[in-house]
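**Q** Here's a structure for you.
The values are calculated or read from the model by the stated rules, or taken from the named source; none is laboratory data. All values reported here derive from a predicted model rather than from experimental measurement. Counting neighbours? That spans all protein chains shown, and the Cβs are built from the backbone with ideal geometry, glycine included.
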Amino acid sequence: MKYDSLAAFPPGFLWGASTSAYQVEGAWDEDGKGPSVIDARESYPAGTSDYTVASDHYHRVADDVALFAELGLTAYRFSVAWSRIVPDGDGEVNPAGIAFYHRLIDELRAAGIEPVLTMYHFDLPQALQEKGGWSERSTVDAFVRYAGILFEEFGDKVTYWLTINEQNMMVMHGAALGILPPGTADPAREVYQQNHHMLVAQARAMALAHEVLPAAKIGPAPNISSVYPASPAPEDVVAATTFSAIRNWLYLDVAVHGRYSTTAWAYLLERGWAPRVDHGDMEVLAAGHPDFIAFNYYTTHTVAAPLGDGTDAGDTGDQHIVLGEEGVYRTAPNPYLTKNEFGWEVDPVGFRTTFREIYDRYHLPLMVTENGLGAFDVLEEDGTVHDPYRIEYLSQHVEQMQLALTDGVEVIGFCPWSAIDLVSTHQGVRKRYGFVYVDRDETDLRDLRRVRKDSFGWYKALIETNGEQA
Ligand code: BGP
């Protein structure tokens, strides 16, 4: 379909940007914060920094929000560190942690920026992990209690709530993202039990939000992307639909409809990984309704039928590069796509397809909570940072988002990753995503100075014109 003209972004469209607590805040053990699984991680990829200081946002929150205001953001998506609010996950509440997020939210509101709050972004309190983490039902209760604390404290200041960031990536890459203790027997079986518990926790949190905050809007925030068959061979198409069910719909079907995707459930049964579903769980799942769907999008995936010869499977430890699963699907190169410096395929058109797939399936408003390009940005001697590659990536994705809007998809916001440079999940500080450069490297914190990149000016102009690209 080719349109003569594209639909305009609606008034009030949320032009945002995203971060997460452990990647940006630092102050990992200050003011009563408890350790999270991220802080307790034993090792980091060779040569990369830990998260103890990150971008030092905790100490620079007012200055950072001033920059976001200058950028013109109308929304800012951030996460609350669970262990800042409840240091051991389910015990006493930490008033200093609460105060920090009040300060952040108040600064945002004063600047006219809509807060979009993620309740949990990979950083489970370590104390809960030591008690079994998401394998235990008690973690479900702890999450719902934590959600209740957030609703009570921030409910009159926050409209948009996200439950769990990229639950699907935590499940599919549990070892990489730290939810599975090393040495877990039968990790895949365990991780799908954890997944079920997270789904129950999410449904209860959504129901609670609607009970105590009638005006709130709450939704899940998985990473969703279209899956292409490597060829029109029917077997490749089956592999692609299987992978899409396992990767995408398993999570959203439960969040929206309160039931598992048929294909995903068949896969879990066949593998012997179907979770134990307790009496009452399905009712709980059915009672949790999202008001919108948030999703993160970086790339698409292309898969072929498995060969079943022992070579289908692999795992790079990077959630954006999938290498297949023995007997289920195998990855295939997509000759139509280029790759970024980290081997992730770049697919703006796939963004539009992903929008359509989600919207046609659920008919709920969509908010993009991550999309962006990681790169080795350079701070020039004259204090500038030129990132034309990021501008190109984002403008192509905005164009496809506008096409999706024109297709009739209800898109309510776009929050690229990331508002400011932060510590990446896989490649440390060097891999940068922000509109604002943070002057530090892996080991040398230098002055952590903030520098506006060229993309800062580009995004500011885009927001000022409500998405009209030059
Ligand atoms: C998403 C995570 C983010 C962020 C992003 C980029 O999966 O939700 O926290 O890390 O990916 O990934 P990376 O930092 O590995 O480049």
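**Q** Identify the residue in region 276-297 that is out of contact with any Leu (no Cβ under 7 Å at 6 or more places or on another chain) and farther than 29 Å from residue 135 by Cβ and, among all such residues, is farthest from the ligand (Cβ to nearest atom).
**A** Out of the qualifying residues, it is 291.
**Q** Moving on. Within the set of pairs 6 or more residues apart or between chains, which connect a residue that is farther than 14 Å from residue 250 by Cα and within 16 Å of the ligand (Cβ to nearest atom) inside region 219-236 to a residue that is of a type outside the set (A, V, I, L, M, F, W, C) and at pLDDT 95 or above with Cβ atoms less than 9 Å apart?
**A** The qualifying pairs are 219/160; 219/163; 219/290; 219/291; 219/365.
**Q** While we're looking at this one, here's another question. Can you name every residue in region 392-426 that is in contact with a Phe, Trp or Tyr (Cβ under 8 Å, 6 or more places away or on another chain), acidic (Asp, Glu) and away from the ligand (no atom under 16 Å from the Cβ)?
**A** 407, 410
**Q** For region 427-447, how many residues are surrounded by fewer than 18 Cβ atoms within 10 Å (Cβ to Cβ), under 25 Å from the mean Cα position of the chain (by Cα) and either within 15 Å of the ligand (Cβ to nearest atom) or among the hydrophobic types (A, V, I, L, M, F, W, C) (or both)?
**A** The total comes to 2.
**Q** Would you check which residues across region 242-300 are hydroxyl-bearing (Ser, Thr, Tyr), surrounded by 16 or more Cβ atoms within 10 Å (Cβ to Cβ) and part of a helix (DSSP H, G or I) and list them?
**A** Those that are hydroxyl-bearing (Ser, Thr, Tyr), surrounded by 16 or more Cβ atoms within 10 Å (Cβ to Cβ) and part of a helix (DSSP H, G or I): 242, 244, 251, 263, 267.
**Q** Residues in region 371-385: is at least one under 23 Å from residue 15 (Cα atoms), modelled with pLDDT of 95 or more and polar (S, T, N, Q)?
**A** Yes: one or more hits.
**Q** Moving on. What do you reckon, is residue 21 of a type in the set (Gly, Ala, Ser) and within 23 Å of the chain's Cα centre (by Cα)?
**A** Here the answer is yes, as residue 21 does meet what is asked.
**Q** Can you tell me which residues in region 361-409 are surrounded by fewer than 15 Cβ atoms within 10 Å (Cβ to Cβ) and either basic (Lys, Arg) or free of Cβ contacts under 8 Å to residues at least 60 places away in the same chain (or both)?
**A** Of everything in region 361-409, those that are surrounded by fewer than 15 Cβ atoms within 10 Å (Cβ to Cβ) and either basic (Lys, Arg) or free of Cβ contacts under 8 Å to residues at least 60 places away in the same chain (or both) turn out to be 363, 376, 378, 380, 381, 382, 408.
**Q** Does any residue of region 121-137 turn out to be surrounded by fewer than 16 Cβ atoms within 10 Å (Cβ to Cβ) and polar (S, T, N, Q)?
**A** no
**Q** Could you tell me whether any residue of region 100-119 is more than 16 Å from the ligand (Cβ to nearest atom), of a type in the set (Ser, Thr, Tyr), touching a residue at least 12 places away in the same chain (Cβ under 8 Å) and buried (at least 23 other Cβ atoms within 10 Å of the Cβ)?
**A** Within region 100-119, one or more residues are more than 16 Å from the ligand (Cβ to nearest atom), of a type in the set (Ser, Thr, Tyr), touching a residue at least 12 places away in the same chain (Cβ under 8 Å) and buried (at least 23 other Cβ atoms within 10 Å of the Cβ).
**Q** OK, next. Can you tell me which of (1) closer than 30 Å to residue 357 by Cα; (2) at pLDDT below 95; (3) among the small types (Gly, Ala, Ser) is the one residue 418 doesn't meet?
**A** (2)
**Q** Considering every residue within region 30-43, establish whether at least one is under 24 Å from the mean Cα position of the chain (by Cα), within 15 Å of the ligand (Cβ to nearest atom) and over 22 Å from residue 130 (Cα atoms).
**A** No; the residues of region 30-43 include none that is under 24 Å from the mean Cα position of the chain (by Cα), within 15 Å of the ligand (Cβ to nearest atom) and over 22 Å from residue 130 (Cα atoms).
**Q** Just name the residue that is nearest to residue 238 (Cα to Cα) out of those in region 319-344 that are in a strand (DSSP E or B) and away from the ligand (no atom under 14 Å from the Cβ).
**A** 329
**Q** Continuing with this model, one more query. Residue check: is residue 389 within 16 Å of residue 223 (Cα to Cα) and more than 13 Å from the ligand (Cβ to nearest atom)?
**A** Considered against the rule, which asks whether it is within 16 Å of residue 223 (Cα to Cα) and more than 13 Å from the ligand (Cβ to nearest atom), residue 389 comes out as no.
**Q** Determine, yes or no, whether residue 76 is touching a Phe, Trp or Tyr at 6+ places or on another chain (Cβ under 8 Å), within 16 Å of the ligand (Cβ to nearest atom) and not in a helix (DSSP H, G or I).
**A** So residue 76 fits the description; yes.
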